[in-house]
Structure formats: structure tokens, C-alpha cells
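Read through the structure below, which is laid out as C-alpha cells, and then see the notes.
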């Protein structure tokens, strides 16, 4: 499996090498072409100069010794080999052996070449001059003319191609040296950046592996040098890890709370049943303890039913529209309040009700909203002191209905307010002191309200606690 480093580094390295090869070939071709043009241009100038000198000699303006000296000096100064031929191609004089050459008297047999020189006024070629030289040469041949324009001879100037090889090789060596240096620098920079790009991904992989093996505190350490995409990925992973850690903590807490809550009633039921079976509890007391067992069984039933209601609401992801109806919220809240008449009278509570004088209609699941109001009123009656005040307020605002249920009593500490809607959370940490509830009532309330797409909030100060939730107004 290829690593990110390999996927970044290897293609770049291959591309650089291919570019270097192509540029080397192009440079070699261009350099060779440029050098050939330069050499042929220089040979052309030298050939024309020698042709002018030969023209003066053939016209009789200078003597043979003078021409021979000038001809030899001109060839040596230009570092070329020059030959003088007749118009028919017969070799008359050679610069490297002016006093006599073994080739003197030989004739250029290529008539097409001679015709090209005579018609075009110059011939530039690269190759072997048959009968004269055995090595590959740059060759320029020009005609010698007299004052009347008639061709009186031919001058052929040549230079071995090998003479330019050292210069060509030097240029290639310089180019290759610079190219290799640039490739090394590019590869080093690519290596550095590829490593830099793959490092956060390796750290992310290590962190994910640690997280997968149970280390829920594992997080990716953000570095200011990370790219934007890597930083966004790391932040997304850390957010996901935090959420999963919280979910795992809640799951463990939920299991622990359920186990704790089930332990007490199950132990009570088991103890009393065993006491009646083994005779520890006398027959005349069995009815009393059977009532206790019945109450504990009902409490367990309520717990299971509440948990099923919560699970069903969470699975639905919201209340389906077909299960919502239009109903009068004032009438619904009034009927729920009447069910608490005995408890209210037993504690001699002062009930304050504020509602509009006209019906207030909403669109929701009436059974669930009834349960919300019931749970909140039950909570308010439970924690309201004797002769305290219990409030139920319904008011309209825009397209919303605001329902507030308030009670006097101990102020909830500020640090406890965000937790009151959590499962099994109780302000009183001693669960045995409050056997009337499981700590699920407010959690169910929030679940129902949120399932309707609405909000619920709580405030507590100066001995007064208020729960307010919203519903849509459809008047």
C-alpha cells in the first residue's frame, strides 16, 4: 500500500527526471545546431576572403609566392583547411601542403555539388569530403570570380567536426551540472513538503488507532503549520472524538444509574417475598408487605414505560404530522391542573393561573403535551413547600405560545441548572430520600418538547423556579 509521502514524492521525482531528460535532448540539439551555424558562418567568411585573394592572384595582380604566403597565413589564422580548385573541380593548391600535395591534380567527381556551388554562389555541408579528408567536417565552398564576374576557380574551406566537440561537451557538462543541482534541490524541497504533508495524516492515523483501542481521550494536536484542509480534518476528528467520548460517558452513566435504580426495588421485593416464604414475616403482617411489594412493582413498571416512551420518541426523530391535532391548550392545561387538586389541597398551596380570556389553539400531539404539563406540575407540587405558591401561565407572543409553570422552594444552584434535564439527574444526590421519582420526568419533558421542534428552558432565583416551553400558535 502506497503512503501519502510516496504518492506525493515519487510522481514529482519522475516528472523532474523526465523534464531533465527532455530538456537535455532539446539543449543538445539546439546547441549543436547553433554551433554548426556559427562554424559554417565563420567558414563562409573565411572562404570568401580567400576567394577574393585567389581572384586577385588569378587576375595576375600578385605573384604566386605572394599569393602562396597569404593563402597559407589566412588558412592558419582561421584554423581551417583550405583548397583552391579550378572551375572544373581539379585541385590546384592545398593550405596544409602549399609546396605540393598528394591530392594535387585530383578532380571533384560530384558534378551536382559543383553545379550547386556555381549556381547558388555557396555550398554549406557537413560530412566526409571524398578523396581529400577521411574525417567528418564542416565544409563551405565558394566560387572565385574575376572583375567581369566569370568563375575562375573554387575555394573549399573545411574544419573537422571533432574540433567543436570539446566546446559542445563543455556546454553539456555545465548544463547537466546545473540541471542535476536543480533536480537535487527540487527533490529535496519536494521531500520536505511531502514529509510535512504526510506527518499530520500519520498523527491522525495514530490518534484514530489509539481511539479505536479504547483511549477516548486521544486527540489530534493541531499545529499552526498544517494546511487548511488538514486542520479542518483534524478539527472534525476531534469534534467526533469528543462527541463519542461524551456519548460513551453518558452510556456508562445511564447503565450505572439504571442498575442503581433497579437494585433498590428489586432488593426490597426479593427480601419481602423471601421473608414471607420462609416465615420470617408473620401472616398478620404479610398484607402490609405485599402492598409495599406492589408499590415497588408499579414503580418498576413506570420506569420501564418511561424508558420505552423515551426510546420511541428518539427513534422517531420527531412527532409525525399525522399524530398531531389542533386543540385548546388552555383546556388541556386546566384539566391537568384539576388532577392535582388533592395534592395541592394537602399542602395548602396557593395556585396562581394566568391565561388569555379566549381559547389558545396549538397544533401538537395532545397526549404528549398533556404528559409534559403533568410532569412539570408534578415536579412543581413536589418541591413547593406547604402554603407555597404554584403558578401556571399561558401567554401568546408572535406565532408562539409560552407555557410557564413555576413554584416556590429552594433555589436550584446555577451549576445544576444545565443538568436538570439529564436522565436520572436529581438535585438531591441521596436517591433513597426521594422514592417518588426516577429523575426521568424532566428528561421526558425535554425529549417531547424537542420532538415537536420547540424549546424549553429553566430559571431559578430568589426561591422561585420556572420552567417555560413553547408551542406553535395556530389561532
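Bear in mind that the values in this text are calculations on the coordinates, not laboratory data. Fair warning: this is a prediction, and the values are worked out from it, not measured in the lab. Ideal geometry is used to build each Cβ from the backbone, glycine not excepted, and the neighbour counts take in all protein chains shown.
Quick notes on this one:
- Cα gyration tensor category, rounded, prolate or oblate, for the chain with a/c compared to 1.5: prolate
- Sites residue 243 and residue 191 - FRET efficiency at Förster radius 41 Å, r taken between beta-carbons, to 0.05: 0.65
- Cα-based helix-to-principal-axis angle, 165-212 vs the chain, degrees rounded to 10: 10
- In terms of its C-alpha gyration tensor, the stretch 4-168 comes out prolate, because a/c is 1.5 or above and the ratio a/b outweighs b/c.
- Across the stretch 362-423, the relative contact order, built from alpha-carbon pairs under 8 Å that are at least six residues apart, equals 28 percent.
- Computed from label points 7 Å out along Cα-Cβ, the spacing between residue 115 and residue 387 is 14.1 nm.
- Treating r as the C-beta distance of residue 297 and residue 323 and R0 as 30 Å, the FRET efficiency rounds to 0.50.
- Folded to 0 to 90 degrees: helix 441-451 orientation relative to the chain principal axis, Cα: 50
- Sorted peptide list for 134-147, 110-123, criterion being average Cβ within 10 angstrom, highest first: 134-147, 110-123
- Estimated from helical segments only, the mean residue ellipticity of the chain at 222 nm is -19000 deg cm²/dmol, where each DSSP H run of four or more residues counts as -39500 (n - 2.57).
- Net length available on complete extension from residue 14 to residue 466 is 155.6 nm, with 0.36 nm assigned per residue and the Cα-Cα distance removed.
- Here's the picture: a label point sits 7 Å out from the Cα of residue 475 along the beta-carbon direction, and within the stretch 342-366 the residues with their amide nitrogen under 14 Å of it are 355-363.
- Axis angle, to the nearest 10 degrees, between helix 283-316 and the longest C-alpha principal axis of the chain: 30 degrees.
- Efficiency of FRET from Cβ geometry, residue 304 and residue 255, R₀ 22 Å, rounded to 0.05: 0.90
- Spatial offset of the stretch 447-463 relative to the stretch 383-412 amounts to 12 Å, using the alpha carbon center of each.
- Taking label points 7 Å from Cα along the Cα-to-Cβ direction, residue 45 and residue 284 give a separation of 14.3 nm.
- When each of 421, 193 is scored by the number of other beta-carbon atoms lying within 10 Å, the sequence from fewest to most is 193, 421.
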